[in-house]
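Asker: Sharing a structure, written as structure tokens. Questions coming.
The values are calculated or read from the model by the stated rules, or taken from the named source; none is laboratory data. All of these numbers come straight from a predicted model, not from anything done at the bench. All Cβ positions, glycine included, derive from the backbone under ideal geometry; neighbour counts span all protein chains shown. What goes into the accessible areas is simple: the full protein's heavy atoms, side chains included, and nothing from ligands, DNA or RNA. Shrake-Rupley method; radii C 1.70, N 1.55, O 1.52, S 1.80 Å.
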Amino acid sequence: QVQLVESGGGSVQPGGSLRLSCAASTSIGSLYTMGWYRQAPGKQRELVAAISSSDSTNYAVFVKGRFTISRDNAKNTVYLQMDSLKSEDTAVYYCNALRGLMNYWGKGTLVTVSS
């Protein structure tokens, strides 16, 4: 069992930046693919970015060039640096850990982009 705790959400103006963190309760090392998803009100949860155990990254088209995912295996933490935020980025952001059939979720952190 892996517990994931997100932090770093908050309110920011359009064009601003936030850095989300996801701390895992156990070593994520080179075993887990880690991802960030988001869910806006009335919409389905969608993939934002993912980073594999070999540090290969994948981004949704709508965040490419603005968001950066990274991981620090020594700290069992995954980050999402979000720059040039837009109002449409407003959502609850969830951390995910995936290893084979094992799939874990955090409880989410709210990001609000508004002037």
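Asker: Exactly one of these conditions fails for V61: (1) modelled with pLDDT of 95 or more; (2) within 19 Å of Q3 (Cβ to Cβ). Give me its number.
Answerer: (2)
Asker: With respect to the numbered conditions (1) part of a loop (DSSP other than H, G, I, E, B); (2) in contact with a helix residue (DSSP H, G or I) (Cβ under 7 Å, 6 or more places away or on another chain), which one is the sole condition not fulfilled by S53?
Answerer: Result: S53 passes all but (2).
Asker: Among the numbered criteria (1) part of a loop (DSSP other than H, G, I, E, B); (2) among the small types (G, A, S); (3) open to solvent by 20 Å² or more (accessible area, probe 1.4 Å); (4) touching a residue at least 40 places away in the same chain (Cβ under 8 Å), which one does A23 miss?
Answerer: Failed condition: (1).
Asker: Okay, next question. Any residue in the range 63-75 that is loosely packed, with under 15 Cβ neighbours inside 10 Å, touching a helix residue (DSSP H, G or I) at 6+ places or on another chain (Cβ under 9 Å) and assigned to a loop (DSSP other than H, G, I, E, B)?
Answerer: Within the range 63-75 (the criterion being loosely packed, with under 15 Cβ neighbours inside 10 Å, touching a helix residue (DSSP H, G or I) at 6+ places or on another chain (Cβ under 9 Å) and assigned to a loop (DSSP other than H, G, I, E, B)), the answer is no, since none of the residues qualifies.
Asker: Quick one: which of L80, L98, L85 is under 19 Å from S27 (Cα atoms), open to solvent by less than 10 Å² (accessible area, probe 1.4 Å) and in contact (Cβ under 8 Å) with a residue 24 or more places away in the chain? Lay out the reasoning, then the answer.
Answerer: On the way: L98 fails: open to solvent by less than 10 Å² (accessible area, probe 1.4 Å); L85 fails: under 19 Å from S27 (Cα atoms).
Going through L80, L98, L85 in turn, just one is under 19 Å from S27 (Cα atoms), open to solvent by less than 10 Å² (accessible area, probe 1.4 Å) and in contact (Cβ under 8 Å) with a residue 24 or more places away in the chain: L80.
Asker: Same structure, new question: Among the listed residues G42, G16, identify the single one that is open to solvent by 30 Å² or more (accessible area, probe 1.4 Å) and either not small (G, A, S) or not in a strand (DSSP E or B) (or both).
Answerer: G42
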